[in-house]
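The values are calculated or read from the model by the stated rules, or taken from the named source; none is laboratory data. Because the structure is predicted, anything quoted here is derived from the model rather than measured. All Cβ positions, glycine included, derive from the backbone under ideal geometry; neighbour counts span all protein chains shown. The accessibility values were calculated without ligands, DNA or RNA, using every heavy atom of the protein model including side chains. Shrake-Rupley method; radii C 1.70, N 1.55, O 1.52, S 1.80 Å.
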Amino acid sequence: MINLKEMEPLIFDALSDAFENMAFMEVNRTENVLTEAELAKYICSSLTFNATFEGVILLYLTYDLLAQIAEDLYSLDASEITEQVEHDILGEINNTFVGEYLSKIVPENETFTMGLPEVKKNDFSQDDDGKIILHYLVEEWQIRVELIETVQKN
Amino acid sequence: MINVVIVDDSGTARMMIRKCIEITAPVEVDVREASSGDEALKVMKEKVPDLLISDLNMPGMDGEKLLKFTKASLKLNEVPVIIISSAGNPKRKEELLSFGAETVLQKPITPPVLGEAINDLITNGVLNV
């Protein structure tokens, strides 16, 4: 079973590293929980991994935040920021975030594997069982992270 | 001029790597792109590049297989390879270096990081300009 108290600081650090290094954006914790209606406006990247435990990390961001990153990081004009570009950026951020997170939890002499990021829209599960759900602010944009343990290892 | 092949399944990631190279490379760069390991092999066999930069985690032929194919090929085995990976733990990096990668860089890639890696390859005589 995932221990939230142990995992949250590592998730926060990994998320901060990913956003600060990729987009020069600061990450902060927030107590505000996104409602179902708010979450419907989000886009999600899902990424499976096999490390000290097998699991999935889902990263929920808004299109506004992705467009801002595309503009700042890739110097793209609004006309160049297509949905595919935003999906690619979301996948890259989640890939980097999960890589950073797993590097923190996996011992140096062990390896881990990661799947490929998959984009999900409007098919979010509202079932909170067995998930760690965390909310953060990236600058002024709220994001959500879900960590799900799928297979526990001995 | 250096001839570089960039491999990543994400078009946006390829664009980012291309920009990083164009900003930091000490000489003019001719960049060709491939969206998979299979496509990269075709592109490299058409014209052998001076440098291969590949993402690790890709569908189909991933960066590790591409690295192994490249190093096992009589035509391509001298091409220096930079692998870009999200999985940055030391054991994995050691493995990739043992398979023949010259450098393993952890995401996110920034111009200074990629520029330093390319300059190191030039300084060490691995990449001839």
Worksheet item: Going by the structure shown, is B:ASP50 touching a Pro at 6+ places or on another chain (Cβ under 9 Å), over 25 Å from A:LEU116 (Cα atoms) and touching a residue at least 12 places away in the same chain (Cβ under 8 Å)?
Response: yes
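Looking only at residues that are among the charged types (D, E, K, R) and out of contact with any helix residue (DSSP H, G or I) (no Cβ under 6 Å at 6 or more places or on another chain) in region B:65-76, which one is most open to solvent (accessible area, probe 1.4 Å)?
Selected residue: B:LYS75.
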Worksheet item: Does region B:83-103 contain at least one residue that is under 26 Å from A:GLU71 (Cα atoms), within 14 Å of chain A (Cβ to nearest Cβ) and free of Cβ contacts under 8 Å to residues at least 12 places away in the same chain?
Response: no
Item to complete: Check A:SER75 against each of (1) open to solvent by 50 Å² or more (accessible area, probe 1.4 Å); (2) touching a residue at least 24 places away in the same chain (Cβ under 8 Å) and name the one condition it does not meet.
Response: (2)
Worksheet entry | Subset of region A:1-57 (residues that are surrounded by 13 or more Cβ atoms within 10 Å (Cβ to Cβ), modelled with pLDDT under 90 and polar (S, T, N, Q)) | A:ASN21, A:THR52
Fill in: Subset of region B:89-105 that is surrounded by 17 or more Cβ atoms within 10 Å (Cβ to Cβ) and at pLDDT below 90 - its residue that is nearest to B:ILE6 (Cα to Cα)
B:ARG92
Worksheet item: Taking B:GLY125 and the conditions (1) open to solvent by less than 50 Å² (accessible area, probe 1.4 Å); (2) out of contact with any strand residue (DSSP E or B) (no Cβ under 9 Å at 6 or more places or on another chain); (3) closer than 26 Å to A:ALA18 by Cα, which numbered condition does it fall short on, given that it satisfies the others?
Response: (3)
Discussion item. What's the number of the only condition in (1) open to solvent by less than 60 Å² (accessible area, probe 1.4 Å); (2) more than 26 Å from B:THR123 (Cα to Cα) that B:LYS42 fails to meet?
Written reply: (1)
Discussion item. Among (1) surrounded by fewer than 20 Cβ atoms within 10 Å (Cβ to Cβ); (2) without any contact (Cβ under 8 Å) to a residue 40 or more places away in the chain; (3) farther than 24 Å from A:THR96 by Cα, there is one condition B:VAL79 misses while meeting the rest; what is its number?
Written reply: (1)
Practice prompt. Assess whether B:ILE17 counts as being more than 14 Å from chain A (Cβ to nearest Cβ), open to solvent by less than 20 Å² (accessible area, probe 1.4 Å) and modelled with pLDDT under 95.
Written response: no
Worksheet item: Can you find even one residue in region B:86-97 that is farther than 28 Å from A:GLY115 by Cα, assigned to a loop (DSSP other than H, G, I, E, B) and not small (Gly, Ala, Ser)?
Response: no
Item to complete: Pick out, from region A:1-108, the helices (runs of 4 or more DSSP H) lying fully within it that include 2 or more residues that are away from every other protein chain (no Cβ under 14 Å).
Response: A:4-23, A:36-39, A:63-74
Worksheet, complete the sentence: Of the residues in region B:110-129, those that are within 21 Å of B:MET16 (Cβ to Cβ), of a type in the set (Val, Ile, Thr) and at pLDDT 90 or above number 2
Worksheet entry | Extreme residue, modelled with the lowest pLDDT, among residues of region B:71-88 that are in contact with a strand residue (DSSP E or B) (Cβ under 9 Å, 6 or more places away or on another chain) and over 13 Å from B:LEU41 (Cβ atoms) | B:GLY88
Worksheet, complete the sentence: Counted residues in region B:45-64 being of a type outside the set (Val, Ile, Thr), open to solvent by less than 20 Å² (accessible area, probe 1.4 Å) and outside any loop (DSSP other than H, G, I, E, B) come to 5
